[in-house]
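> Quick one: structure below, then a few questions.
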Amino acid sequence: MSDPSDTTDLKTLAERAVSQPLVTHIYTADPSAHVFEGKVYIYPSHDIEAGIPFNDLGDHFGMEDYHVLRMDSPQGEAIDCGVALHVKDVPWAQRQMWAPDAAEKDGKYYLYFPAKRADGIFQIGVAVGDRPEGPFTPQPDAIRGSYSIDPAVFADDDGAYYMYFGGLWGGQLQQYRDNAHDASHAEPADDAPALGPKIARLTADMREFAEAPREVLILDDNGEVLRAGDHDRRFFEASWLHKFNGRYYFSYSTGNTHYLCYAVGDSPYGPFTYQGRILTPVVGWTTHHSICAFDNQWYLFYHDSILSGGVTHLRSIKVTPLQHDADGRIVTIDPYGK
Ligand code: FUB
């Protein structure tokens with residue numbers, strides 16, 4: 001077990017992340033990391049070459065299954081626990097198993113995942129298992145009222161669980177207003193409020209939404225909702241929530257400007273006020289992460305496309321230390337240590 005006060009160890013880990021992914025035998029992305037049973041479990045996307053031509057809707061991300069990875073600590077070796085769920089076993093889903101997340105409650109484990117139905121619409125499903133690594137048995141239907149992509153489930157200290165979700169462009173979030181789908185909707189005009197991610201509290205059995213999804217507001221320093229044209233700061237995809245010193249840190253990707261950013265608030269529902277960047281752009285179009293504490297040290301799990309020579313849909317997950325400064329601000333990380 002690493003000693004979190006050992007700064008040499010953390011420096012070595014940060015240096016390792018520049019060049020070394022956690023695993024190299026498969027491509028992995030969108031790492032959602034949690035500490036379960038004293039170990040780090042990572043729930044990534046499993047990238048493959050599906051042979052689908054590149055387009056702005058991300059059709060080339062043709063993933064079919066999920067592998068769960070386990071580490072004794074963030075400094076340790078990542079062990080591939082094998083296939084935890086395959087799309088062929090999910091009755092409602094047809095293709096594109098994108099970024100998943102997982103949660104534990106009362107000794108059961110829940111794998112949340114987006115996938116496209118046969119009609120090409122994304123929804124979010126849940127599969128249930130007895131072990132962190134699965135296998136997971138999918139519910140027969142997608143979560144009622146779910147849409148778009150990138151579920152991230154946050155367990156608050158009071159026992160409530162919340163799902164954040166949503167992603168623009170190929171993630172279809174722009175096609176929804178007030179939780180209703182209309183494929184003709186696009187992103188709002190540049191000077192209009194940006195579309196926010198969504199949040200819904202989960203039911204006690206973790207299988208459904210306990211309420212209609214609500215919009216999460218991300219504000220600027222003047223208390224105004226970020227504008228849709230503010231591509232350096234507006235939400236695009238890759239929601240994550242961690243709690244630090246009693247405050248809620250919502251982090252996300254800006255998509256086409258390739259930043260991981262964060263905003264802070266006093267409730268899981270927000271509003272959150274924009275604070276700054278967590279990670280500057282990585283090699284590859286997408287950037288997607290999770291933030292997880294282990295032995296009182298925070299870590300950023302993220303991905304890049306270095307191993308595949310820059311192929312956007314063939315990514316590899318990495319881990320590096322993350323610091324909050326004395327004011328609670330996250331110190332921006334350069335993925336290549338420049
Ligand atoms: O992995 C497919 C998609 O790419 C994810 O759902 C997005 O967040 C982006 O990382």
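The values are calculated or read from the model by the stated rules, or taken from the named source; none is laboratory data. The shown structure was predicted, so the numbers you read here are calculated from the model rather than taken from an experiment. Please note: Cβ atoms are built from the backbone with ideal geometry, for glycine as well, and neighbour counts cover all protein chains shown. Surface accessibility is based on the protein's heavy atoms, side chains included, excluding ligands, DNA and RNA. Shrake-Rupley method; radii C 1.70, N 1.55, O 1.52, S 1.80 Å.
> Checking the table LYS318/LYS338; LYS116/LYS338; LYS11/LYS39; LYS105/LYS198; LYS39/LYS88; LYS11/LYS108 against a 27 Å threshold on Cα-Cα, which pairs fail? Could the numbers behind the result be given before it?
Values: LYS318/LYS338 17 Å; LYS116/LYS338 39 Å; LYS11/LYS39 21 Å; LYS105/LYS198 22 Å; LYS39/LYS88 29 Å; LYS11/LYS108 36 Å.
In this structure, LYS116/LYS338; LYS39/LYS88; LYS11/LYS108 exceed 27 Å between Cα atoms.
> Excluding GLY159 itself, calculate the net charge of residues whose Cβ lies under 13 Å from the Cβ of GLY159, where each Lys or Arg counts +1 and each Asp or Glu counts -1.
Values: positive: LYS105, ARG201; negative: GLU104, ASP106, ASP156, ASP157, ASP158.
For residues surrounding GLY159, the net value is -3.
> Can I ask one more? Counting pairs of Cα atoms in the range 34-78, how many percent are more than 12 Å apart?
More than 12 Å apart: 66 percent of the Cα pairs in the range 34-78.
> Mind checking the per residue accessible area of the range 26-172 for me, 1.4 Å probe, whole number of Å²? Kindly include the intermediate steps, with their values, before the conclusion.
Details: 5150 Å² over 147 residues.
Result: 35 Å² of accessible area for each residue.
> Still on this structure, I have one more. Between THR203, THR257, THR312, where does the largest GNM mean-square fluctuation fall for the chain, given springs only between Cα atoms within less than 10 Å?
In the Gaussian network model the winner is THR203.
> Could you work out the equivalent-ellipsoid semi-axes for the range 128-264, taking the square root of 5 times each eigenvalue of the Cα gyration tensor, largest first, in whole Å? Show your work: numbers first, answer last.
Values: eigenvalues 137, 71, 36 Å².
With the √(5λ) rule applied to the range 128-264, the semi-axes are 26, 19, 13 Å.
> Please give the net charge around ARG16, taking every other residue with its beta carbon less than 13 angstrom from that of ARG16, where Lys and Arg add +1 and Asp and Glu add -1.
-1
> Continuing with the same structure: Could you calculate the FRET efficiency of ASP221 with HIS86 from 1/(1 + (r/R0)^6), where r is the beta carbon distance between them and R0 is 41 Å, rounded to 0.05? Before the final figure, lay out the partial values.
On the way: r = 46 Å, r/R0 = 1.12.
Efficiency, from the Cβ-Cβ distance: 0.35.
> Let me ask something else. Quick check: pseudo-label points 7 Å beyond the Cα along Cα→Cβ at ALA50 and SER267, how many nm apart are they?
3.8 nm
> Still on this structure, I have one more. Name the most mobile residue of ASN222, ASN256, ASN245, meaning the one with the largest mean-square fluctuation, in a Gaussian network model of the chain with Cα contacts below 10 Å.
Maximum among the listed residues: ASN245.
> What is the local net charge at LEU314, summed over the other residues whose Cβ is closer than 10 Å to its Cβ (Lys, Arg +1; Asp, Glu -1)?
That works out to -1.
> What is the magnitude of the charge dipole of the chain about its Cα centre, with +1 placed on the Cβ of each Lys and Arg, -1 on the Cβ of each Asp and Glu, and no other charges, expressed in debye to the nearest 20? Don't jump to the answer; show the numbers that get you there.
Numbers: 27 positive and 48 negative charges, 54 e Å.
For the chain, the charge dipole is close to 260 debye.
> Right, here's the next one. Could you compute the FRET efficiency for SER19 and ARG247, with r as their C-beta to C-beta distance and R0 at 56 Å, rounded to 0.05? Mind showing how you got there, number by number?
Numbers: r = 34 Å, r/R0 = 0.60.
Between SER19 and ARG247 the formula returns 0.95.
> How far apart, in nanometres, would the label points at ALA212 and THR12 be if each is projected 7 angstrom from Cα along the Cα-to-Cβ direction?
Those two pseudo-labels are separated by 5.5 nm.
> Given the options ASP106, ASP232, ASP89, state which has the largest fluctuation in a GNM of the chain using a 10 Å cut-off (strictly under) for Cα springs.
Result for the chain, Cα springs under 10 Å: ASP106 fluctuates most.
> Calculate, for the range 277-338, the solvent-accessible area per residue in square angstrom, rolling a 1.4 angstrom probe over the heavy atoms of the protein chains. Don't jump to the answer; show the numbers that get you there.
Numbers: 2240 Å² over 62 residues.
In whole numbers, the range 277-338 has 36 Å² accessible per residue.
> Between the alpha-carbon centers of the range 109-158 and the range 187-260, tell me the distance in whole angstrom.
19 Å
> Additional query: Whole number please: convex hull volume per residue, Cα atoms of the chain, in Å³.
Working: hull volume 43.1 nm³, N = 338.
Roughly 128 Å³ of hull volume per residue.
> Please report the carbon-and-sulfur percent of the accessible area for the chain; probe 1.4 Å, protein heavy atoms only, DNA, RNA and ligands left out.
Values: 6350 of 13220 Å².
Using a 1.4 Å probe with all protein chains present, the chain comes out at 48 percent carbon and sulfur.
> Give a quick list of GluC sites (Glu not before Pro) in the range 190-239 that DSSP marks as loop, anything other than H, G, I, E or B, with at most 13 other Cβ atoms within 10 Å. The partial results should precede the final answer.
Numbers: sites: GLU208, GLU211, GLU215, GLU224, GLU237; in loops: GLU208, GLU211, GLU224.
Passing both the DSSP loop test and the Cβ count: GLU211, GLU224.
> What are the extents of the Cα atoms of the range 3-108 along their three principal axes, listed from largest to smallest and rounded to whole Å?
Sorted from largest, the Cα extents of the range 3-108 read 46, 37, 22 Å.
> Hey, what number do you get for the chain at 222 nm if only DSSP H runs of n ≥ 4 count, each worth -39500 (n - 2.57), divided across all residues, to the nearest 500?
Here the helix-only value at 222 nm equals -1000 deg cm²/dmol.
> Calculate how many DSSP beta bridges within the chain are antiparallel, expressed in % of all such bridges and rounded to the nearest 5. Could you put the intermediate results ahead of the total?
Details: 77 of 80 bridges.
The answer is about 95 percent antiparallel.
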